[in-house]
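Below you'll find the structure, written out as structure tokens, and then a few comments.
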């Protein structure tokens, strides 16, 4: 899979937060004027 | 990740959402968030944590991580995500990205916040704070 880059559409996906609530992309982005998404593991 | 909490005054007034995504199970995320919260309350008690400035998501099958092309299948710990950061506009378009070379290579908190605030205000990220790809 090619790496997502600037001006790409964020992929459709449905995940859960750590409390079990569902977060569906890209609809979730419409809830805020901007969203920061970062991928992490452990403390980073 | 602690930086997102410590820098929340840059994000919360602009109503910017901050999401952390990991293959780790929810319980690990809860433990981690508990440590971050404790550190913040002790170290920087002036920072308001209501609303909490950060939300953690679990992606145990690396579905989203893989769709973003950010999966690291060869790590000694198994399948994990590469350390990548995006700023996304309300329409779901990526407006800024920082692809880290390693776990210790993260975007400057100021650069990231400047990019996010610009997007939140309907502008392009400032060229003097470029991402990395």
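The values are calculated or read from the model by the stated rules, or taken from the named source; none is laboratory data. The structure presented is a predicted model; accordingly, all values stated were derived computationally and were not measured. Counting neighbours? That spans all protein chains shown, and the Cβs are built from the backbone with ideal geometry, glycine included.
Quick grid of which residues meet (1) facing chain A (nearest Cβ under 10 Å); (2) in contact with a helix residue (DSSP H, G or I) (Cβ under 9 Å, 6 or more places away or on another chain):
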{"residue": "B:4", "(1), (2)": "yes, yes"}
{"residue": "B:18", "(1), (2)": "yes, yes"}
{"residue": "B:25", "(1), (2)": "yes, no"}
{"residue": "B:63", "(1), (2)": "yes, no"}
{"residue": "B:67", "(1), (2)": "yes, no"}
{"residue": "B:74", "(1), (2)": "no, no"}
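Listed by position, the strands (runs of 3 or more DSSP E) inside the range B:1-80 whose residues that are at pLDDT 90 or above and under 13 Å from the mean Cα position of the chain (by Cα) number at least 1 are B:17-22, B:55-58. Against the definition (surrounded by 12 or more Cβ atoms within 10 Å (Cβ to Cβ), closer than 27 Å to residue B:120 by Cβ and either free of Cβ contacts under 8 Å to residues at least 40 places away in the same chain or assigned by TED's automatic domain parsing to the domain that holds residue B:133 (or both)), how does residue B:9 come out, yes or no? Here the answer is yes, as residue B:9 does meet what is asked.
Among the residues of the range B:81-118, those identified as within 22 Å of residue A:27 (Cα to Cα) and either assigned to a strand (DSSP E or B) or in contact (Cβ under 8 Å) with a residue 60 or more places away in the chain (or both) are B:84, B:85, B:86, B:87, B:88, B:93, B:94, B:95, B:96, B:97, B:116, B:117.
On inspection, residue B:130 qualifies as at pLDDT below 90, closer than 23 Å to residue A:32 by Cα, over 14 Å from the mean Cα position of the chain (by Cα) and not assigned by TED's automatic domain parsing to the domain that holds residue B:20.
Every residue, every condition in (1) surrounded by 13 or more Cβ atoms within 10 Å (Cβ to Cβ); (2) in contact with a helix residue (DSSP H, G or I) (Cβ under 8 Å, 6 or more places away or on another chain); (3) within 21 Å of residue B:24 (Cβ to Cβ); (4) within 7 Å of chain B (Cβ to nearest Cβ), yes or no:
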position	(1), (2), (3), (4)
A:3	yes, no, no, yes
A:14	no, no, yes, no
A:18	yes, yes, yes, yes
A:23	yes, no, yes, yes
A:28	yes, no, yes, no
A:34	yes, yes, no, yes
